[in-house]
Amino acid sequence: MANRFSLIRPFGRWPLLWDDDDPDSVFSLSSLGAAARDNKMNVEETKEQYKVTVDIPGFDKNEVKVTFEDGTLMVSGSKSEEKKVEDKKKNYIQMEKSSMQFTRQWMPPVSVDEKSIKANVANGELKITLDKKGETSKGVEIKVE
């Protein structure tokens, strides 16, 4: 497929700032890393409740926050790591820092019982259950187990 910007790229392969079709793009989705594309959210509806599953590989329960406010479920996570490697024989030091963040939100089509919301983390997944039929209140933070 021809790139719609090929006429303004007369010198060949100058990268565009945001173009997922271009592997040389500075801000393509593939260049943002796993955190930007792997926190998929699935919502299953039963007669009595909603079951929400969010992929959170590499996050533990202390790095994830779940809230329900104004009829919206908000899931966010944040973590940072620092790795330092020294080799005195070769006289160099390498320090790598990384951080990952994500935010997902979902608004159920019917009201839910906020006091019954439960969340737990296991095997890289966050599972949240929301019972239907509740009154909407001002908001609540859900303890992740």
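The values are calculated or read from the model by the stated rules, or taken from the named source; none is laboratory data. Since the structure is predicted, the reported quantities are computational estimates derived from the model, not experimental observations. Don't worry about glycine lacking a Cβ; one is built from the backbone with ideal geometry, like all the others, and counts go over all protein chains shown.
For this structure, a couple of remarks:
- Of all residues in the stretch 93-143, those that are aliphatic (A, V, I, L, M) and at pLDDT 90 or above total 9.
- Selection of the stretch 60-84 for residues being among the acidic types (Asp, Glu) and out of contact with any Gly (no Cβ under 6 Å at 6 or more places or on another chain) yields ASP60, ASP70, GLU81, GLU82.
- Pairs where the first residue, in the stretch 68-81, is closer than 17 Å to SER116 by Cα and the second is of a type in the set (A, V, I, L, M, F, W, C), C-beta under 6 Å, 6+ apart: PHE68/ILE117; PHE68/VAL140; GLY71/MET107; THR72/MET107; LEU73/TRP106; VAL75/VAL54; VAL75/VAL66
- Just so you know, in the stretch 58-92 the residues that are part of a loop (DSSP other than H, G, I, E, B) and either closer than 27 Å to VAL140 by Cβ or among the acidic types (Asp, Glu) (or both) include one that is modelled with the lowest pLDDT, and it is GLY58.
- If you filter the stretch 97-115 down to residues that are farther than 13 Å from SER76 by Cβ and in contact (Cβ under 8 Å) with a residue 40 or more places away in the chain, you find that the one that is surrounded by the fewest Cβ atoms within 10 Å (Cβ to Cβ) is SER111.
- You will find that of LYS132, LYS89, LYS65, LYS115, the residue that is among the basic types (Lys, Arg) and under 18 Å from the mean Cα position of the chain (by Cα) is LYS65 and no other.
- Count of residues meeting criterion [surrounded by fewer than 11 Cβ atoms within 10 Å (Cβ to Cβ) and of a type in the set (A, V, I, L, M)] in the stretch 53-96: 3
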